[in-house]
Amino acid sequence: MMKTFREKLSGRVFFALAVSSIAALALITLFILVKGLPVIRSVGLFKFIFGMRWAPGRGEFGIFPMIVGSVSVTLGAALAGVPVGICCAIFLAEFAPAPLRNIFRPAIQLLAGIPSVVYGFWGLLFVVPLIRDHLGGPGLSILAGSVILGIMILPTVISISEVSLLALPRQYKEGALALGMTHWQAIKSVLLPASKSGIVAAVILGLGRAIGETMAVIMVLGNAVALPHSILDPVRTLTTNIGIEMGYAAGEHQQALFATGIVLFVIIMLLNSAAQFITREKKHK
Amino acid sequence: MPPKMAIRRLDFFYEKKQALFGLSLDIPANGILAMIGPGGSGITTTLRALNRLYELTPGARMEGEILLDGKSVHGADVSVTQLRRRVGMVFDVPTPLPVSIFDNVAYGPRLQGQKSKKILEEIAERALTQATLWDEVKDRQHTPAMRLSGGQQQRLCIARMLALEPEVILLDRPCSGLDPISTAKIEDSLTLLKQQYTIVIAPHNVQQAGRVADRVAFLLSGRLIEEGPNGEVFANPRDPRTSDYITGRFG
């Protein structure tokens, strides 16, 4: 009798705690929507998203340059980080001898632990001058942001790709080798295709991290609200727009920043759903 | 006729633990040799030694000799990938690759450089027929292999290996976890295959050895206790431990 009461109680307590975390999400979503939607309604969704001019003082709120900024920096991060990350995951899962693996894994975890402001600072003092001196332009640029973000997404890409490679049944590899494949052929034609969904999810989650990153990119992107013409031009992203102007924004300007948040929220939600959809599709097969 | 494969004084170790003790065994061509014995007798180890798949296991090493057509499989001129194409293996768990049925069978030949779609289709049909799977899948060869039942997946794995035209086939408890009908189909195809191939099977029970084997080898704790023609080992075992095992008194 007592036991069943305790069982019921513990079930309820866990339920309540689980609900509270969902409730936090719901509250934040609601708050952003309430704060941000009015300005989207008054400016017009199309003009807000595709508007080229961002001049809060004159009531002009167009965030298209920032969308381009976010997308270009995120794609750049993917180009810089994904190939390295996947190769590193293959190395760790398939080639690295145990002692080396025991050094690499914690080192990569450490990479995830470095505060983003430190990445930004390092980028500003090292990557930006390097670009300015050797490639020209102000140095504060899409390229600088891509390099920094590319490094920052490495832990995500590596660890999730590695886990999905290691999660494959041992028999995949043995079956492939028993068919007379070489180790590399087995990796290329069996292991990678078999863990494709996990690796794609790793990339998408990495992209989610890149597009949401604020602090590090504020310091290296230059933050100019204009369409970039090359990867050496400065840009402003959706996140940095909020980060920079939040401190002094009021009224409609503040609402417009929340609206920027809504757009960001939708993009990240799309990315996460894509990751989920891809991982689920595999199980379906 | 010389044996297709021969094991000579094989000692096998995992780290410091010895798994096989001075095992010597002939594997005659065009026949089915069943290796029986309780779990931990070293049967899987023996099979994995024959195609050198044990080399994937860290800390595993062997002493002694394994011969294929009279030549050591560890010879300097032997490439391990070539060896594994000649000595094919099917595992206890069906391991189709996550691609279509056709692509599973075409994998090996494609790796060997076969590009002609027509030839690949011929190879697939022949291999699937030999594995008694053709009639069940001929109209849906391009659906994912993962949709097949467990028994069909295992026959697909046999077909995939046959497509490489090996000389020796190693089967490590190929019917564990399969229903009796699938098991019967696999056993039927084995009796057909032995005309063309040399087969070593670790059956999942003694009865299966009795049904399919030409010769039977009984191992216990890493040692060969007895080896002989199927009828003799089952009717007149020489060693009391063999008769204890096949009558189900232990193991």
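The smallest convex shape that holds all Cα atoms of chain A, its convex hull, gives 209 Å³ per residue.
Between A:78, A:275, A:16, the Gaussian network model of chain A with springs among Cα atoms under 10 angstrom shows the greatest mean-square fluctuation at A:16. The range A:222-268 and the range B:41-57 have their alpha-carbon centroids 61 Å apart. Each of B:53, B:164, B:142 was placed along the dipole of the range B:37-174 (beta-carbon charges, centred on the mean Cα), and the one lying farthest toward the positive end is B:142. Sorted ascending by nearby beta carbons within 10 Å, beginning with the fewest, B:161, A:181 become A:181, B:161.
Here the Debye sum runs over all C-alpha atoms of the range B:5-246 as equal scatterers in vacuum, and log10 of I(q)/I(0) at q = 0.16 Å⁻¹ comes out as -1.16.
Footprinting exposure proxy ranking of A:84, B:87, fewest other C-beta atoms within 10 angstrom first, gives A:84, B:87.
For the range B:134-210, the Kirkwood hydrodynamic radius from C-alpha pairs, put into Stokes-Einstein at 25 °C and a viscosity of 0.890 mPa s, yields a diffusion coefficient of 185 µm² per second. Working note: Karplus 6.51/-1.76/1.60 with θ = phi - 60° gives the range B:203-215 the couplings x, 7, 7, 5, 4, 4, 4, x, 6, 10, 7, 8, 10 Hz, where Gly and Pro are set to x.
For the protein assembly as shown, the orientation-averaged shadow of the C-alpha convex hull comes to 36.3 nm² (one quarter of the hull surface). Residues considered: B:82, B:18, B:208. Largest GNM mean-square fluctuation over chain B, using C-alpha springs under 10 Å, is found at B:82. Axis angle, to the nearest 10 degrees, between helix B:101-111 and the longest C-alpha principal axis of chain B: 80 degrees. Each Lys and Arg Cβ is given +1 and each Asp and Glu Cβ -1; about its Cα centre, chain A then shows a dipole of about 980 debye. Karplus-derived 3J(HN,Hα) values for the range A:141-148, using 6.51 cos²θ - 1.76 cosθ + 1.60 with θ = phi - 60°, are 7, 4, 4, 4, x, 5, 5, 4 Hz; glycine and proline are entered as x. Computed from the C-alpha gyration tensor, the three semi-axes of the ellipsoid equivalent to the range A:1-131 are 38, 36, 14 Å, from longest to shortest. Counting Cβ atoms of other protein chains within 10 Å of each residue's Cβ and taking the mean over peptide B:89-98 gives 5.
For the segment A:178-188, counting C-beta atoms of other chains within 10 Å of every residue's C-beta and taking the mean gives 6. Mean per-residue shielding of peptide B:194-200 is 0, counting Cβ atoms of other chains within 10 Å of each Cβ. Taken about its Cα centre, the range B:5-246 carries a charge dipole of roughly 540 debye when the Cβ of each Lys and Arg holds +1 and the Cβ of each Asp and Glu holds -1. Distance from the C-alpha centroid of the range A:71-135 to that of the range B:221-251: 61 Å, rounded to the whole angstrom.
Peptides B:233-242, B:89-98 ordered by packing proxy, namely the average of other Cβ atoms within 10 Å per residue, highest first: B:89-98, B:233-242. Within the range B:129-169, the ratio Rg/Rh, alpha carbon atoms throughout and Rh by Kirkwood, equals 0.97.
Take each of the peptides A:106-113, B:23-30, B:43-50, A:18-25, average the number of other beta-carbon atoms within 10 Å over its residues, and list them starting from the highest.
Top to bottom by mean Cβ count within 10 Å: B:43-50, B:23-30, A:106-113, A:18-25.
Think of the range B:5-246 as having a plus end and a minus end, set by charges on the Cβ of Lys, Arg, Asp and Glu; of B:229, B:44, B:210, B:44 sits farthest toward the positive end of this dipole.
Estimated from helical segments only, the mean residue ellipticity of chain B at 222 nm is -10500 deg cm²/dmol, where each DSSP H run of four or more residues counts as -39500 (n - 2.57).
Exceedance of the 19 Å cut-off in Cα-Cα distance is limited, within the set A:173/B:115; B:118/B:138; A:196/B:117, to A:173/B:115; A:196/B:117. Applying the Kirkwood pairwise sum to the alpha-carbon positions of the range A:93-157 produces a hydrodynamic radius of 13.3 angstrom.
Since every read-out is calculated from the coordinates, none of them should be taken as a lab result. As the structure is a computational prediction, the values presented were derived from the model and not from experiment. Virtual Cβ from ideal backbone geometry, glycine too; neighbours counted across all protein chains shown.
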